[in-house]
Structures are given as C-alpha cells and as structure tokens.
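The values are calculated or read from the model by the stated rules, or taken from the named source; none is laboratory data. All figures in this text were calculated on a predicted structure; none of them were measured in a lab. Because the Cβ atoms are built from the backbone with ideal geometry, glycine has one as well, and the counts that use them run over all protein chains shown.
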Amino acid sequence: LDLPEKSNIAVADNAGGYASLAVLESGHVPVFCDVSEENFQINVTDLQSLVGLKAVVVTHLYGQAAKIQEICEWSLKNSIYVIEDVAQALGAQVGDKKVGTFGDIACFSFYPTKNLGGIGDGGAVASDNSSIIDRIRVLKQYGWSERYKISTTKGRNSRLDAINAAVLTEKLVKLDAENYRRRLIYEKYLESDFNHSLFRNRNIKEDNVVHLAIGTTNKKSDLIKHFQSHGVQIGEHYPHTDSSQSGLNYLSILRPTPIASMLCKSNVSIPIYPNLTDSQIEVVRKAIYTWNELGE
Ligand SMILES: Cc1ncc(COP(=O)(O)O)c(C=O)c1O
C-alpha cells in the first residue's frame with residue numbers, strides 16, 4: 001500500500017495474532033482494538049475513536065461478517081485503507097455482496113481446515129484496485145517486473161502450488177454445500193443447548209458462515225473436562241489477546257480491550273466441520289445437552 005514506515009494499523013485484539021503479525025512484518029504498528037460482545041467482531045465505536053490510523057484490518061472472525069459497510073464508509077471519509085481478512089469467512093455475505101469485496105484488499109487462506117481448504121498451505125489476495133494487484137503480482141514472484149528483472153524490494157516466492165490450485169478449483173464447487181452443512185450442524189448444536197448455557201451467538205445471520213462454533217463459559221476447565229469425558233476435544237479460538245502477547249506487543253500501541261480479554265478467557269470452540277458424521281454430531285450434541293443439564 002506504500003504506507004510510510006511505522007504507520008498505525010488497527011487490528012481486532014481477539015483475532016488470533018495473524019493480522020498483528022502481518023502488520024509488524026510490514027514494518028508497521030498494530031493498534032489493538034476492542035470487539036463487540038454481541039458478535040465478537042471489531043467494535044466500530046472503539047475503532048472510530050482511534051486517531052492517526054493509515055489502515056484497518058477487518059477480520060471476519062469465525063465466519064461472521066464484521067460491520068464492514070459502516071467501517072468502509074468511515075474509512076473512506078478518513079482516507080484509511082481497509083484490508084479484509086476473509087480467512088474464516090469465505091462464502092459469507094452482507095446483503096448481496098460477499099465479504100472480501102468491500103475493502104481495498106481482501107486476504108484468503110486455504111489452509112486445510114478453512115472453509116475452502118487445500119492440501120497444504122495456500123492463500124489468495126483480491127482487490128479491485130489494479131495498481132494494488134499489479135504490485136502484488138510483482139511481490140509474489142521475487143519482485144520481478146519482468147522475468148529475472150527485480151525492480152522492487154521485498155519480493156518473495158509466494159506462488160500457489162499448482163496441484164493445490166487444482167484441488168482448490170475442484171473443491172470451490174462444493175463450498176456453498178459445505179458451508180450449508182456447517183450451518184445445519186450448528187443448528188443441531190443450538191437445539192441441544194436448551195438452557196443457552198453454551199452459545200450466546202444464537203442468531204448468526206443466514207448469509208454468514210459458521211466457520212467455528214464458539215461457545216462461552218466462566219468454567220472453561222470444567223467444560224473442557226466434561227467434553228473430554230464424552231470423547232470430544234475442545235479448541236480455543238483464541239486463548240490470548242494479541243495485546244497480551246510478548247511476540248506482538250513490543251512495538252504496539254496498547255489500549256484497554258476489556259471485551260476481547262473477557263472473550264479470550266471464556267471462549268471454547270466446539271468441533272464443527274462438514275465431514276463430521278451424523279453419529280459424531282450426536283456425540284457432540286450429547287455433551288452439549290448434559291452440560292446444560294448440569295445447569296452450567
Ligand atoms: C482469521 C485468520 N487470519 C489469517 C490466518 C492465516 O492464514 P494462513 O495460515 O493461511 O497464513 C488464519 C489462519 O488460521 C486465520 O484464521
């Protein structure tokens with residue numbers, strides 16, 4: 001983006017560190033932003049209170065769309081670039097537009113566990129700004145402006161493996177069906193959560209994607225043990241805020257992010273992926289049901 005060195009770039013403080021790492025790697029400064037309790041996404045009011053920003057990374061966390069239209073309108077007025085992180089949200093929409101088409105640039109991950117998962121690492125970048133795309137094309141292949149002519153610094157080899165690309169092309173056709181299956185599984189989990197002990201995010205919009213099934217609890221270790229006793233492994237996305245991590249906060253602008261901190265302490269990730277068999281789903285449902293029965 002040709003930003004001046006050490007530009008301030010806002011990131012959501014609960015988004016797993018990926019955005020902060022990228023900001024630091026590019027020689028800039030992450031500014032940690034709090035998130036909303038209602039949807040776990042970057043808090044627009046907190047974001048708008050920041051001054052001196054050059055860009056914001058909007059992570060559509062867990063497959064749910066952040067308030068991207070509002071953020072883009074505000075950013076445009078304030079000459080702030082918007083980078084959408086769509087790693088977890090491929091297929092999600094706001095109105096009739098897919099997430100990843102609102103900001104200046106969108107980043108995608110094809111890591112095997114993602115909605116469109118490949119057979120190894122891989123990713124993509126999209127933009128409707130041709131000068132940004134031209135620059136990315138140069139950077140992804142050694143900084144070549146033409147074959148063997150290295151015309152810019154910081155070029156690298158970032159090509160998508162051809163076999164992986166072929167697999168991803170085949171799998172793309174199934175993306176909507178697989179996202180639909182994730183949604184059906186989540187709805188089954190919600191049915192079992194009859195006391196609302198686990199899922200506070202019960203009304204994920206129809207056009208969003210349930211990439212992860214995130215529950216919250218004040219008794220995380222009890223919950224993990226309970227699910228383990230049913231043979232269900234619980235994940236945490238993510239246990240630490242970016243601002244609390246020594247590998248990320250050394251250059252950064254630290255600010256209070258109470259909601260992100262609270263969510264990192266309380267979140268649990270219940271297994272969800274399209275290939276779960278019906279009997280596996282029933283095992284998870286039983287664990288959810290009995291957790292509710294415990295009155296937790
Ligand atoms: C929200 C988010 N952003 C970025 C990434 C990084 O993607 P990759 O592993 O393909 O670099 C991930 C991967 O886990 C992610 O979940």
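Just a few scattered comments:
- Residue tally, condition within 14 Å of the ligand (Cβ to nearest atom) and of a type outside the set (Val, Ile, Thr), over segment 25-50: 4
- Of residues in segment 206-235 being out of contact with any Ser or Thr (no Cβ under 8 Å at 6 or more places or on another chain) and basic (Lys, Arg), the one surrounded by the fewest Cβ atoms within 10 Å (Cβ to Cβ): LYS225
- Screening LYS171 on (1) in a loop (DSSP other than H, G, I, E, B); (2) touching a residue at least 24 places away in the same chain (Cβ under 8 Å) shows it passes everything except condition (1).
- Across segment 91-118, the qualifying residues are those that are in a loop (DSSP other than H, G, I, E, B), among the small types (Gly, Ala, Ser) and buried (at least 21 other Cβ atoms within 10 Å of the Cβ), and the one among them that is nearest to the ligand (Cβ to nearest atom) is GLY118.
- Top-ranked residue in segment 131-169 [being within 30 Å of LEU276 (Cβ to Cβ) and of a type in the set (S, T, N, Q); ranked as nearest to the ligand (Cβ to nearest atom)]: ASN164
- No other residue among SER7, SER79, SER20, SER36 is within 15 Å of the chain's Cα centre (by Cα) and surrounded by fewer than 20 Cβ atoms within 10 Å (Cβ to Cβ) apart from SER36.
- Summed over segment 178-194, residues that are in contact (Cβ under 8 Å) with a residue 40 or more places away in the chain and part of a helix (DSSP H, G or I) total 10.
- Selection status of ALA55, modelled with pLDDT of 95 or more and more than 23 Å from GLU5 (Cβ to Cβ): no
- Residue within segment 53-67 that is more than 16 Å from the ligand (Cβ to nearest atom) and not in a strand (DSSP E or B) present: yes
- Single residue of ASP128, ASP121 found to be more than 16 Å from the ligand (Cβ to nearest atom), exposed (fewer than 13 other Cβ atoms within 10 Å of the Cβ) and under 27 Å from LYS171 (Cα atoms): ASP128
- Selection of segment 213-238 for residues being in a loop (DSSP other than H, G, I, E, B), farther than 17 Å from SER192 by Cα and in contact with a strand residue (DSSP E or B) (Cβ under 8 Å, 6 or more places away or on another chain) yields GLU236, HIS237, TYR238.
- Residue check, PRO274 surrounded by fewer than 18 Cβ atoms within 10 Å (Cβ to Cβ), under 21 Å from the mean Cα position of the chain (by Cα), over 30 Å from LYS98 (Cβ atoms) and touching a residue at least 24 places away in the same chain (Cβ under 8 Å): no
- Test: residue in segment 275-284 that is more than 23 Å from VAL11 (Cα to Cα) and touching a His at 6+ places or on another chain (Cβ under 9 Å): yes
- The residue list SER79, SER75, SER7 contains one member that is farther than 25 Å from ASN179 by Cβ, away from the ligand (no atom under 16 Å from the Cβ), touching a Lys or Arg at 6+ places or on another chain (Cβ under 7 Å) and of a type in the set (S, T, N, Q), which is SER7.
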